[in-house]
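Coordinate-derived values only; no laboratory data. Note that the structure is a prediction, hence the values are computed from the model and not measured. In this analysis, Cβ positions are derived from the backbone assuming ideal geometry, glycine residues included, and neighbour counts consider all displayed protein chains.
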Amino acid sequence: MTPDLLIRNATLIDGTGAPPRACSLAVAAGRVAAIIPPTQDTAAGLRAHSEIDAAGLVVAPGFIDIHSHSDYTLLVDPRALSSIAQGVTLEVIGNCGWGCQPIGDPALSREIIYGYDGSIDLGWRTTAAYFDRLQAAAPAVNVVALVPNGQLRMATVGTAERPADPAEVKEMAR
């Protein structure tokens, strides 16, 4: 098998707590297929469709951003350039109780969605519909979503300054 990519002469930090180590990595179908000890790749004449000389560089697994506010901005620009440039491959959205789902009153939601600029219509109402929209945008990062409790409450209770009644609590739990 010829790998799609060979990253030669890298320093690998694998996230397990093991010390950094020199190696080359073979990548096939978007996944690490082999971690090769130093010089073994050249001794075996290993070649790939593309090669990177990573001498002096570090290779690491993708980082997880456990507290992002990209719920809306991933729809506007799914390239997620600031995340990708930092090695982030997974973002957790819906933090701090605010996000893009569910939407009860779009006028209220526009005021509290981080980064809202009006370039994307808030045409979804449910969490499932938001996920459909996010999937269609095909963001460059993987996404794990929390259901933002503030947005959930606003979609159910509105701006009333009172505890949610039993029917509203039941609706939020649905």
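Miscellaneous remarks
- Computed from label points 7 Å out along Cα-Cβ, the spacing between A107 and N149 is 2.8 nm.
- Estimated FRET transfer efficiency (T11, C96; beta-carbon r; R0 41 Å; 0.05): 0.70
- Gaussian network model of the chain, springs between alpha carbon atoms under 10 Å - residue of E161, E51, E91 with greatest fluctuation: E161
- Taking the C-alpha atoms only, the angle from helix 127-137 to the longest principal axis of the chain is near 40 degrees.
- Looking at the range 5-59, the DSSP beta bridges with both ends there are about 65 percent antiparallel.
- For the range 132-157, the residues whose backbone nitrogen is under 11 Å from a point 7 Å from the Cα of E171, taken along Cα to Cβ, are 153-157.
- Top of A60, A48, A29 by mean-square fluctuation, Gaussian network on the chain, Cα under 10 Å: A29
- Förster-model FRET efficiency, 22 Å R0, A18 and L57, C-beta, rounded to 0.05: 0.75
- Comparing R21, R110, R153 in a Gaussian network model of the chain, where Cα atoms under 10 Å apart are tied by springs, the biggest mean-square fluctuation is seen for R21.
- Spatial offset of the range 119-174 relative to the range 30-70 amounts to 38 Å, using the alpha carbon center of each.
- FRET efficiency for I64 and R125, using Cβ-Cβ distance with R0 set to 35 Å, rounded to 0.05: 0.75
- Within the chain, helix-based [θ] at 222 nm, where runs of 4 or more DSSP H residues each add -39,500 (n - 2.57), nearest 500: -7000 deg cm²/dmol
- Label-to-label distance, nm, for residues given as A137 and Y114 (7 Å Cα→Cβ offset): 1.3 nm
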